[in-house]
Amino acid sequence: MKPLIDMKKILVPTDFSENAGNALNYAIELAKKENAEIILLHVYHPTLVAPYLDVMPDVDAIMEEERWLNKLRSLQTKIEHAGEIESSIVARLDLAVDGIVSEAEDRNVDLIVMGTRGVNGLKEIFLGSNTARVAERAHCPVIAVPEGASYQHLKKIAYACNYRQIDIEAIQKLVEMARPLNAQVNILHVYNPDSTHAKEEMERFIREAEKQLIYENLSYELIEGEDIEERLEQYLETEAADLLVLSTHERNLRDKLFGNSITQKLVYHSKVPVMAFHYKKEEAVPIV
């Protein structure tokens, strides 16, 4: 049977920054473990524009693309020196997030690995994060690699669940990634201290999960706390996981303006790589 997540193509967007280089290092090590191909992508805006024209002249467009391809070729040598990893390069004229999401769909990639840099306060509100936006729009999993984080052999993977059927489907995919690494997958749920049925709800989820999941290195844990982001950060600070995995969906305009996204917050603040699985909001059916 074909795995639910067949880790064969990893897309690594780069803006040639230190953070992007760090994410590439992470992707290289992951590709070695998963025997995957790396597609190195740079999405750019035109810098050579003819006056009064909305598009670049053909010659300038070719020169611009070749300039970025040359920079990508230089980065590609890092992949070649790392071992027998198949790789390719793409320079795409587009808006950053649109280009990354479209390239991932066009090439049917299995995973996107991106670097991210934490921001705080008003910067978080107004600056935003391309990595967080890609995580909420991409139809494949996205790993956000924090500034300064290095690849650690994935021995412990934590999945934060909310007792939905989509959680079991995401864990199934995660197991296929964890199996060749023989990694422990710990399924977490952060519950409100006022809850009187936390244990029963977890037990009900475990019964349903065990009907569909076959993996010996699965464990379950309840974490008490009112602030999900804060409790997950505290959990990670105990070195309880090498990778935190969340499910996320593309929110509507009202949610984007007035709501909070745990995924975006953790992408900003986590010191451990965060992996996001995408789903449609209507697929978030609770397990009863």
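What follows is calculated from the coordinates using simple rules that are stated; it is not laboratory data. What you are looking at is a predicted structure, and each value in this text was computed from that prediction instead of being measured. Neighbour counts run over all protein chains shown; Cβ positions are idealised from the backbone, glycine included.
For a 20 Å ceiling on Cα separation, which of these pairs sit above it: 8/71; 33/78; 33/271; 199/271; 9/33; 9/211? As for pairs spanning more than 20 Å Cα to Cα, those are 8/71; 33/271; 199/271; 9/211. Coupling constants for segment 62-79 follow from the phi torsions by the Karplus curve (6.51 cos²θ - 1.76 cosθ + 1.60, θ = phi - 60°), and in residue order they are 5, 4, 5, 4, 5, 4, 6, 5, 5, 5, 5, 4, 5, 5, 4, 5, 4, 5 Hz; glycine and proline get x. Going from the residue with the fewest nearby Cβ atoms within 10 Å to the one with the most, 14, 131, 238, 248 rank 238, 14, 248, 131. Sorting 177, 7 from the fewest to the most surrounding beta carbons within 10 angstrom yields 7, 177. For residue 245, the amide hydrogen comes within under 5 Å of the amide hydrogens of 158, 159, 160, 275, counting only partners 5 or more places away or on other chains and with H modelled in the peptide plane. Remark on residue 220: its backbone amide H falls under 5 Å from those of 187, a criterion applied only to residues 5 or more positions apart or on other chains, H modelled at 1.01 Å from N.
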